[in-house]
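The numbers here are math on the coordinates, done by the rules we state, and not lab data. Remember, it's a predicted structure, so these values are computed and weren't measured experimentally. In this analysis, Cβ positions are derived from the backbone assuming ideal geometry, glycine residues included, and neighbour counts consider all displayed protein chains.
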Amino acid sequence: MAEPAPSPRPRRGDSPYPKADLTLRGLARLADFTIAFGMATTAPGVGPLLAAAYLLLADGLIQGQSPGKKIFGVRAVVPATRAPAGFQEAALRNAPFAAVTLFWALPILWPVFFLVGLPVIGYEAWQVWDEPLGRRLGDRLAETQVVDGKVLAATPASSSG
């Protein structure tokens, strides 16, 4: 009996893309945290909410790129479809960071920031470093991957033949 032909699309969890450069990815996240910090500290009252919303949705702003990702040339994509991450994927993948931002920005939640927020950030960072494709918990929830824009540009589009 003949084996079935391989699927032209990657299966869930598979990716045609290599792990993004960790330095570029870290610098992009630092740039986005700097933007969020500016929002949180310059807009009294509503600033922390703006910062959390920015971190939650920023990857959906510019075809899978936050301003930080745009500057440093990385992009969040959905490997199964090879499409850039949209607002739904951005919200899923960045929910941990948005929550931690609120914990940090609201003084009443500082104990939660130290007990839960910092360990969450540490775990996410460790996952990016340790996981073969650099997919952290947020990426697994949203079925996304951060890739180098140059690698993405060089990857041929999947054929639907």
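Below are the figures for this structure:
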item	result
Estimated D of segment 106-152 in µm² per second, where Rh is the Kirkwood radius over Cα pairs and Stokes-Einstein applies at 10 °C, 1.306 mPa s	131 µm²/s
Segment 24-161, dipole about Cα centre (Lys/Arg Cβ +1, Asp/Glu Cβ -1), debye to the nearest 20	240 debye
Hull volume in cubic angstrom per residue (convex hull over the Cα atoms of segment 52-146)	88 Å³
Debye equation applied to the C-alpha atoms of the chain, log10 I(q)/I(0) at 0.12, 0.13, 0.18, 0.19 Å⁻¹	-0.53, -0.61, -1.07, -1.17
Local net charge near Q88, Cβ-Cβ under 11 Å (Lys/Arg +1, Asp/Glu -1)	-2
Percentage relative contact order, segment 9-130, counting C-alpha pairs under 8 Å, at least six apart	25 percent
Principal axis dimensions, largest first and in whole angstrom, of segment 41-104 by Cα	40, 22, 14
Helix-derived mean residue ellipticity, 222 nm - over the chain, DSSP H n ≥ 4, -39500 (n - 2.57), to 500	-15500 deg cm²/dmol
